[in-house]
Amino acid sequence: MCGIVGYAGSKQAVPILLEGLKRLEYRGYDSAGVAVVSGGALAVARSVGKLSSLDDLLSRRPMDGFLGLGHTRWATHGGPSEANAHPHVDCAGRIAVIHNGIIENYMPLKDGLAARGHAFTSATDTEVLPHLIEEELGDRGDLPLGPGLAEAALADAVRAVLRKVRGAYALAAVWTRAPGVIVAAKKDSPLVVGLGESENFIASDVPALLKHTRRVVYLEDGESAVMTGERCAFYDALGGRIEKTPSVIGWDSAAAEKNGFRHFMLKEIHEQPRAVENTLRGRVYPLDEGRFGRETGLTPELLRSAERVHILACGTSWHAGIVGKYLLERHAGLSAQVETASEFRYRRPVLAPNTLVIAISQSGETADTLAAARLARAAGLKVLSIGNTLGAAIPRQADFNFHTHCGPECGVASTKAFAGQLAALSLLTLHAGAARGFMPREEAREWGAELQSLPDLLRRTLGLDEAIREIARELFAARHVLYIGRGVNYPTAMEGALKLKEISYIHAEGFAAGEMKHGPLALIEPGMPVVAIATRSDVLEKTLSNIEEARARGARVIALCTEGERRLHGKAARVLELPAVGEHLSPILNILPLQLLAYHVADLRGCDVDQPRNLAKSVTVE
Ligand code: AGP
């Protein structure tokens, strides 16, 4: 989704804005632009496509100045074009605004503005904002104003406009009459303020700030910030001054770099052993000491008294949620439902008391998951957030927090965050199972030991990389690929298929292996690749039969199995052997080769692996 960067200080703004936008590229975008205020004038440059086009434009038409806004746009209202790219300006060309979100009532606002003589140049919802600010400022645009008065006038005008709009926004505005000042505000879209030495910043996400500062302030919904290079003040929705305590980010900009890997996705796949280690650290043993409960707020009493669990998430996080349902029901005796947040929020669910709601989100900003979690809280239920982004909206709203500590994930395709979510759900199952007396002590001890062996097993699984690249060479021209699995590996199959389709654009579907004969078998043509997850499990025999059924119809089977398993050799066209692990933890290992397969196929097809077409990393609009 759109990326926002703002700079106020004593350095040239444009290089800082471009560098910040680069760090936000992972969010997905189709056009970009910057605005700079200097010497009482506003200059704007915008272009369609990658940041390199904007960079080229700016090298031909340099823009000097120490105050600026930058934006990468992911089209919602109005297609990708230079006219629709941000920043947008008012009629007089004195006010520039960048915005992430959707102004839902922009049509009547636009009609009213047009009737009053405002000229529009784009098809966006955002363009109403600079014009509304222009109206609020009225003739103050032409009167002599001291810097303090101009700053207050801009801040008041932005607040007045925000009272008129409905929808979601993270926005920033500059005005030529208020030199050196940025006014920023947010509701339902992310915005973070970076506090530097004689310079201040705004951004949609922390990676854009890390080169300059690790001291950040997360704005809450309804809050605004008014900043210059020297100071930054925070306000509530009514314009009352508030104090905000800065957080210090624990990782540096190197963590958000590619570190020698060709793509973020490949780097993040390779970071999974460490990511899982970080999710587990200090949380496995001893079960009795209650550290898990103290850290997450999920005390043994609470885990005992919960009668059911309702898991809400989108995309990959939803797949993790399905694994969580299997684990919690089978190993903690907790009835569990799992649902995509976009469905939950509009279907008027019946929510029974004593239900623990679990919102899973890597970014912590997914609009549907956030709305679903709010709905659950409004119904009086407690919400546990499982997330990877401290300070994001969902963990801030939640009653309990389980941070996965996987580090920043920049590839649009989620990889290490999925592994972290699965590790978190396994830990939750372990603690819930033990607290509820459902999981015998000995089993809990074994479960804990096996969890702690995962990072090493993941390291060994990474050793399959070269073999997987070979398989990718045979697969990259395929038009369709099916993935099959059972039990906890049914969601793994769906996740494997999602990885392939989102980055390689090959049509792929994940099916419960037992469902094949109820329809999907009809899809199989001679030579069609079927990726089968057949690692050790209670239902392995049944999966082996399903593989036979697919083979009998001409499928070319690529099978994942457990080291030492001989039954697939000579039957599947390709066999990948993975280290042995309990069925409950197998999705964490099994997904890794499927991620690598998707990566290599997409790379061989020349796709933009980290920024697949039409997709965004943080889906902050619905
Ligand atoms: C995964 O590869 C996708 N990019 C996508 O499905 C993602 O998992 C989904 O948008 C949810 O994101 P979240 O975890 O940040 O809420």
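Details
- When restricted to residues that are within 13 Å of Pro15 (Cα to Cα) and modelled with pLDDT of 95 or more, the stretch 32-54 contains 5.
- Residue list for the stretch 477-490, restricted to those being surrounded by 17 or more Cβ atoms within 10 Å (Cβ to Cβ) and not in a helix (DSSP H, G or I): Ala478, Val481, Leu482, Tyr483, Ile484, Gly485, Arg486, Gly487, Val488
- Residues of the stretch 498-526 that are within 16 Å of the ligand (Cβ to nearest atom) and closer than 21 Å to Ser537 by Cα: Gly510 alone.
- Residue ranges of strands (runs of 3 or more DSSP E) in the stretch 310-403 with at least 1 members under 13 Å from the mean Cα position of the chain (by Cα) and either more than 10 Å from the ligand (Cβ to nearest atom) or closer than 19 Å to Pro190 by Cα (or both): 355-361, 382-387
- Close pairs (7 angstrom Cβ cut-off, 6 or more residues apart or separate chains): within 20 Å of Ile269 (Cβ to Cβ) and at pLDDT 85 or above in the stretch 607-621, assigned to a loop (DSSP other than H, G, I, E, B) and away from the ligand (no atom under 12 Å from the Cβ) anywhere: Cys607/Tyr505; Val609/His263; Asp610/His263
- Counted residues, the stretch 79-121 - those being more than 27 Å from Leu21 (Cβ to Cβ) and either touching a residue at least 60 places away in the same chain (Cβ under 8 Å) or surrounded by fewer than 13 Cβ atoms within 10 Å (Cβ to Cβ) (or both): 8
- The stretch 127-147, subset at pLDDT below 95 and in a loop (DSSP other than H, G, I, E, B), residue nearest to Ala92 (Cα to Cα): Asp142
- Residue in the stretch 205-219 that is more than 24 Å from the chain's Cα centre (by Cα) and not aliphatic (A, V, I, L, M) present: no
- Criterion (within 26 Å of the chain's Cα centre (by Cα) and farther than 14 Å from Leu596 by Cβ) met by exactly one of Glu541, Glu474, Glu509: Glu509
- Of the residues making up the stretch 404-421, those that are closer than 22 Å to Ser342 by Cα and either assigned to a loop (DSSP other than H, G, I, E, B) or away from the ligand (no atom under 14 Å from the Cβ) (or both) number 4.
- Per the conditions (1) touching a residue at least 40 places away in the same chain (Cβ under 8 Å); (2) away from the ligand (no atom under 16 Å from the Cβ); (3) surrounded by fewer than 24 Cβ atoms within 10 Å (Cβ to Cβ); (4) closer than 30 Å to Arg574 by Cα, the sole criterion not satisfied by Glu466 is (1).
- Among the residues of the stretch 494-507, those that are in contact (Cβ under 8 Å) with a residue 60 or more places away in the chain and either assigned to a helix (DSSP H, G or I) or over 13 Å from Leu475 (Cβ atoms) (or both) comprise Met494, Glu495, Gly496, Leu498, Lys499, Leu500, Glu502, Ile503, Ser504, Tyr505.
The values are calculated or read from the model by the stated rules, or taken from the named source; none is laboratory data. Computed from a prediction, not measured in an experiment: that's the story for all the values here. When we count neighbours, we look across all protein chains shown, and the Cβ atoms used for this are built from the backbone with ideal geometry, even at glycine.
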